[in-house]
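The values are calculated or read from the model by the stated rules, or taken from the named source; none is laboratory data. This is a predicted model, so every value here is computed, not measured. In this analysis, Cβ positions are derived from the backbone assuming ideal geometry, glycine residues included, and neighbour counts consider all displayed protein chains. Only protein heavy atoms, including side chains, enter the accessible area calculation; ligands, DNA and RNA are left aside. Shrake-Rupley method; radii C 1.70, N 1.55, O 1.52, S 1.80 Å.
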Amino acid sequence: MNTELLLIDFQNDFCSPKGSLYVPNAEKDCANTADFIYKNIDKIHGITITLDTHPFYHIAHPIFWKCKDGSTPEIYTQITLEKFSQGEYIPVDEKLYDKVKSYLTQLENSGKYTLILWPPHCLQATWGSCIQQDIWEAVHKWECLIPGRRVNYVTKALNPLTEHYSAIQAEVPDPHDPNTTTNYSLVEHLKSKAIYVAGEALSHCVANTVSDLVSYIPAENITLLSDCSSNVQGFEEQGNNFLNRLSQKGMKIIKSKNFTL
């Protein structure tokens with residue numbers, strides 16, 4: 001079985017202390033992942049890298065919203081359907097009211113996350129959206145090992161009206177936007193491979209991508225490199241719940257430093 005390294009959102013805004021949505025310990029995750037690539041460079045058959053790529057005007061950024069007094073809400077504000085219905089928060093573009101209400105309703109019914117207003121991050125064509133340097137150098141060396149070999153890049157989160165933690169599909173897919181619905185091309189690319197997963201953040205994009213992936217691929221085919229992924233601060237419980245849930249389904253959890261392909 002061919003080996004595929006699935007690297008999720010190893011981008012500057014998550015991985016650098018200077019990033020707008022820095023995940024504590026992410027720079028160590030990057031160093032560990034790079035070391036894993038160098039150590040196994042001739043045994044890794046493929047590398048897929050997902051890229052969170054947002055427009056500035058986005059439903060999970062403060063600029064999209066206004067409070068009932070007309071001010072812009074603070075970052076990390078949680079917007080529930082109840083608060084929205086009471087008029088505590090409304091979209092700046094009030095023509096989107098019905099779409100936003102539908103989004104919040106579906107998001108709440110999923111039971112996974114409340115809408116959180118994150119610091120604007122991984123904005124298109126910015127430093128924050130670029131791959132962290134250690135990761136870039138390692139995957140570039142992997143590409144150079146065999147002329148013509150290349151990384152499979154997967155962009156997500158361009159739709160301004162839905163969060164897109166998972167690389168498989170958006171939190172609330174828009175049937176009119178194929179980029180938010182199930183990414184069957186990625187699923188097919190990963191099928192029948194031994195998949196090793198690392199990335200940021202464990203509590204969000206890693207958890208959602210892997211959770212969606214096991215709807216199509218046996219969990220036994222997936223190994224999480226636990227020292228190559230960390231939680232958004234304050235969401236450690238969600239990260240732990242993901243690890244427990246997926247390990248029970250058969251996902252393996254190992255430390256990259258103690259393992260060679």
How do the peptides 52-58, 187-193, 220-226 rank, highest first, by the average count of neighbouring beta carbon atoms within 10 Å per residue? 220-226, 52-58, 187-193
Mind giving me the FRET efficiency for residue 261 and residue 85? R0 is 35 Å, r the Cβ-Cβ distance, nearest 0.05 is fine. 0.10
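Excluding residue 11 itself, what net charge comes from residues whose Cβ is under 11 Å from its Cβ, given Lys and Arg +1 and Asp and Glu -1? Walk me through the numbers on the way to the answer.
Values: positive: none; negative: 9, 13, 52, 200.
Net local charge, residue 11 excluded: -4.
What pairs from 156/255; 43/257; 39/141; 43/156; 193/257 go past 20 Å between their alpha carbons? Don't skip to the end; give the middle numbers.
Working: 156/255 27 Å; 43/257 16 Å; 39/141 12 Å; 43/156 28 Å; 193/257 22 Å.
Violating the 20 Å limit, Cα to Cα: 156/255; 43/156; 193/257.
For segment 121-261, what is the convex hull volume of its Cα atoms per residue in Å³?
Numbers: hull volume 20.5 nm³, N = 141.
It is 145 Å³ per residue.
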Could you tally the net charge around residue 161, taking each other residue with its Cβ under 13 Å from the Cβ of residue 161, Lys/Arg +1 and Asp/Glu -1? -3
So how strong a dipole does the chain carry about its Cα centre when Lys and Arg Cβ are +1 and Asp and Glu Cβ are -1, to the nearest 20 debye? 620
State the antiparallel share, in %, of DSSP beta bridges confined to the chain, rounding to the nearest 5. 20
State to the nearest 20 debye the size of the charge dipole of segment 1-133 about its Cα centre, where the only charges are +1 on K and R beta carbons and -1 on D and E beta carbons. 60
Set of lysines near residue 68 by C-alpha distance (under 25 Å), chain-local residues within fewer than 8 positions excluded: 83, 95, 99, 101
For segment 1-131, what is the accessible area per residue in Å² when the probe is 1.4 Å? 45
Whole-number D in µm²/s for segment 1-97 (Stokes-Einstein; Kirkwood sum over Cα pairs; 4 °C, 1.567 mPa s): 78
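Can you tell me the FRET efficiency between residue 101 and residue 56 if r is taken as the Cβ-Cβ distance and R0 is 25 Å, rounded to the nearest 0.05?
Working: r = 23 Å, r/R0 = 0.91.
Efficiency, rounded to the nearest 0.05: 0.65.
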